[in-house]
Amino acid sequence: MLSGFAVLLSFQLAGEVLSRALRLPVPGPVIGMALLLGALELRGSSEDGLRTVANGLLSHLSLLFVPAGVGVILHASRLAAEWLPIAVSLVASTAATLAVTGWLAQRGSPRDERGEGEP
Amino acid sequence: MMGTRLAEIWVYLAQTPLLWLALTVVAYVLADALHARLRRHPLAHPVLVAVALLIAVLAASGTPYGDYFEGAQFVHFLLGPAIVALALPLHRELRNVRARALRLGAALLAGSATAVISAAGTAWLLGASRPTIASLAPKSTTAPVAMGIAEKIGGLPSLTAALVILTGILGGVAGPALLRIVRVRDAAARGFALGVTSHGIGTARAFQLGEREGAFSGLGMGLNALATTLLLPAILRLLGL
C-alpha cells in the first residue's frame, strides 16, 4: 500500500517538475495523471498496492474538496453584494455546459453496453 | 477553575493542526452519514453539508480561515495524488475512450466554450463588476488552473477558487438529474459532461454513478483544464469583455 502511495507521489512530483520546467499551462497533478496513464499502458497492468491506494483516494474524493470549500467564507461580502449575477451565471452556465457536453459526447454513440434499462 | 482549564486546552488545540484536521474529517463523516440516511438525496451532497457545518463552527468560534486551513491542509494536500490516481480507472477504460475520441473532442471544445461564454455573458448582462466576470469565466476548470487563468485576465484568484467549488457542488447536486432530463443516458457521455462542467467535485459524484462515469469524468476534467487555458483568452477578446 505504501508503495502505491510512493508511486502516486512520484508521478505527481514528476508532473509538477515538468509543468514548471516547460511552463505548461496544465497543473502538475494532471500531467502526473497523463504520465501514469502512459506508464500503465506500457506495463499493461497495475500492482495491487497502487490499486488499493487509488481506490481509497477516489472513493473519498469529495472529502478532499472540503477545506477549499470552506474558503468560500473569505468572499462572503462580494458574494453577498453581487449574489444575483453570480447565482444566475453559475446556474445557467453549469446547466448549459452539462447539456452541450453531454449531448455531443453521446451523439451517435452505440447504446451504452451496460444498458441502464434503456429500450 | 474548570473555566481556566478549558481555556488552556483551547489554547493548546488552537496551536496544533489536530483540531481542524479532526473536525474536517468528522464533519465529512457526519455529512456522508446524513447523505446515506436521506437515501443519497442530491441536496444533501456531503461537500455542501460538511462545508456548511464547518463554516458554522468557524463563525461560532471566531476562527479565521487561515487558522482552519493550517489543520485542514493535510486533507487538501491529498487532492494532488488523488488526481494522479485517476489514471487507473482511465487505463481500464482507454479502449472505450479511443472508440469515442472524435465525439469527445467535439464535446470538449463546445463544452469548454459554452462554459466560458455563458458564465461571462450572463454575469455581464446582469451587471456584474469586471473582476467578478473575469473570476467567473474559468469556473468550470479545476481550481489551480482556474486561479491561474483568472489572475492573467484580471480576476481575483481566491474568488475564482470559491466560484469553482460552487460550480462543482452545483454540478454534483443537480448534474445527474439534469442529464437525465436532457436524455443523456450513455455512461461515458454523462461522466464526461460532469468532468468538463464540474471538474473534481463532478468527478467524485460521477464515481458514485459508476466506474465508467468516473473514468470519463476524470478525463473530461483533465482535458477541460487544457482546453480552457488555450481557448478562454481568445473567447473573452471576441466577446469584448
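Taken together, the values in this text are just the output of simple stated rules run on the coordinates, not laboratory data. Note that this is a predicted model, so its numbers are computed, not measured. All Cβ positions, glycine included, derive from the backbone under ideal geometry; neighbour counts span all protein chains shown.
Worth a mention:
- Within region A:10-30, tally of residues that are in a helix (DSSP H, G or I) and either out of contact with any helix residue (DSSP H, G or I) (no Cβ under 6 Å at 6 or more places or on another chain) or more than 9 Å from chain B (Cβ to nearest Cβ) (or both): 8
- Scope region B:157-176; condition of a type in the set (Ser, Thr, Tyr) and at the interface with another protein chain (Cβ under 7 Å from one of its Cβ atoms); matching residues: B:SER158, B:THR167
- Check on B:ARG5, among the basic types (Lys, Arg), at positive phi and without any contact (Cβ under 8 Å) to a residue 12 or more places away in the chain: no
- Check on B:PRO46, in contact with an Asp or Glu (Cβ under 6 Å, 6 or more places away or on another chain) and either more than 8 Å from every other protein chain (Cβ to nearest Cβ) or not hydroxyl-bearing (Ser, Thr, Tyr) (or both): yes
Yes/no matrix, rows are residues, columns are (1) within 9 Å of chain A (Cβ to nearest Cβ); (2) touching a residue at least 60 places away in the same chain (Cβ under 8 Å); (3) surrounded by 24 or more Cβ atoms within 10 Å (Cβ to Cβ); (4) basic (Lys, Arg):
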position: B:GLU93; (1), (2), (3), (4): no, yes, no, no
position: B:VAL97; (1), (2), (3), (4): no, yes, no, no
position: B:ARG100; (1), (2), (3), (4): yes, yes, no, yes
position: B:THR114; (1), (2), (3), (4): yes, no, no, no
position: B:ILE117; (1), (2), (3), (4): yes, yes, no, no
position: B:GLY121; (1), (2), (3), (4): yes, yes, no, no
position: B:GLY127; (1), (2), (3), (4): yes, no, no, no
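- Applying the condition of being within 8 Å of another protein chain (Cβ to nearest Cβ) and touching a helix residue (DSSP H, G or I) at 6+ places or on another chain (Cβ under 7 Å) to region B:129-151 and asking which residue is nearest to B:GLY200 (Cα to Cα) yields B:THR142.
- Test for B:ARG190: is it at negative phi, among the basic types (Lys, Arg), in a helix (DSSP H, G or I) and surrounded by fewer than 24 Cβ atoms within 10 Å (Cβ to Cβ): no
Results for (1) part of a helix (DSSP H, G or I); (2) within 26 Å of B:LEU125 (Cα to Cα); (3) at the interface with chain B (Cβ under 7 Å from one of its Cβ atoms), shown as yes or no for each residue.
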position	(1), (2), (3)
A:GLY4	yes, no, no
A:LEU42	yes, no, no
A:SER46	no, no, yes
A:THR52	yes, no, no
A:LEU84	yes, yes, yes
A:LEU90	yes, yes, yes
A:THR94	yes, yes, yes
A:ALA105	yes, no, yes
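- Checking each residue in region B:27-50 for being buried (at least 21 other Cβ atoms within 10 Å of the Cβ) and touching a residue at least 60 places away in the same chain (Cβ under 8 Å) picks out B:HIS45, B:VAL47, B:LEU48.
- Lone unmet requirement of (1) in a helix (DSSP H, G or I); (2) more than 7 Å from every other protein chain (Cβ to nearest Cβ); (3) over 21 Å from A:ALA80 (Cβ atoms) for B:GLY154: (1)
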